[in-house]
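Novice: Just dropping this structure here.
Derivation of every value follows stated rules applied to the coordinates shown; laboratory data play no part. The shown structure was predicted, so the numbers you read here are calculated from the model rather than taken from an experiment. Note that we place each Cβ from the backbone using ideal geometry, even for glycine, and neighbour counts take in every protein chain shown.
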Amino acid sequence: MNKAELVEAVAVKSQVAKRDAEAVIDAVFEVISDAIAKGETVKISGFGIFSKKERAAREGTNPSSGAKIEIPASNSVGFKVSKTLKEKLN
């Protein structure tokens, strides 16, 4: 499902206009993104937990040359599925 399909599904399920559904979805994504960027954990009951994950610097190997390279520290987003959602999938 892409964003357009998500907007359509939310609009139908909520019985609102597509542009209103898109505005709400955009706002939700922005709030979640901003919170994670600040290092906050976002817990959505029945869905899961979004959190900022810090990756330490490490040594890697260039696959084409075989040379050792330094991979710098970086941040990414972690997501842990809630028990409720996990049970829905099985």
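Novice: Taking only DSSP H segments of four or more residues, each worth -39500 (n - 2.57), what value at 222 nm results for the chain once the sum is divided by all its residues, to the nearest 500 deg cm²/dmol?
Specialist: Per the formula, -13500 deg cm²/dmol.
Novice: For the residue pair Arg19 and Asp34, what label-to-label distance in nm results when each label sits 7 Å from Cα along the Cα-to-beta-carbon direction?
Specialist: Result for the modelled spin labels: 2.3 nm.
Novice: For the pairs Lys18/Lys80; Lys53/Lys80; Lys52/Lys80; Lys13/Lys88; Lys18/Lys52, flag any whose C-alpha to C-alpha distance is greater than 21 Å. The partial results should precede the final answer.
Specialist: On the way: Lys18/Lys80 29 Å; Lys53/Lys80 12 Å; Lys52/Lys80 11 Å; Lys13/Lys88 19 Å; Lys18/Lys52 31 Å.
Violating the 21 Å Cα-Cα cut-off are Lys18/Lys80; Lys18/Lys52.
Novice: Follow-up question, since we're still on this one. Looking at the stretch 17-90, which trypsin sites (Lys or Arg not before Pro) are in a loop (DSSP not H, G, I, E or B) and have at most 12 other Cβ atoms within 10 Å?
Specialist: Lys38
Novice: For Cα pairs less than 8 Å apart in space and 6+ apart in sequence, what is the mean separation divided by the residue count of the chain, i.e. the relative contact order in percent?
Specialist: Relative contact order of the chain: 21 percent.
Novice: Asp26 to Glu54: extension gain in nm, 0.36 nm per residue of separation minus the Cα-Cα distance?
Specialist: Details: separation 28, 0.36 × 28 = 10.08 nm, distance 2.55 nm.
Working it through step by step, the gained length comes to 7.5 nm.
Novice: Further question on the same structure: Could you list, bin by bin from short to long, the percent of Cα-Cα pairs of the chain in 10 Å steps?
Specialist: 14, 26, 31, 18, 9, 2
Novice: Right, next: Which cross-chain or sequence-distant (5 or more) residues have an amide H under 5 Å from the amide H of Val77, H modelled 1.01 Å from N in plane?
Specialist: Result for Val77 returns Lys53.
Novice: If you fit an axis through the alpha-carbon atoms of helix 18-37 and take the longest principal axis of the Cα set of the chain, what angle between them do you get, 0 to 90°, nearest 10?
Specialist: The angle comes out at about 30 degrees.
Novice: Roughly how tilted is helix 3-14, in degrees to the nearest 10 and between 0 and 90, from the longest Cα axis of the chain?
Specialist: Once rounded, one gets 30 degrees.
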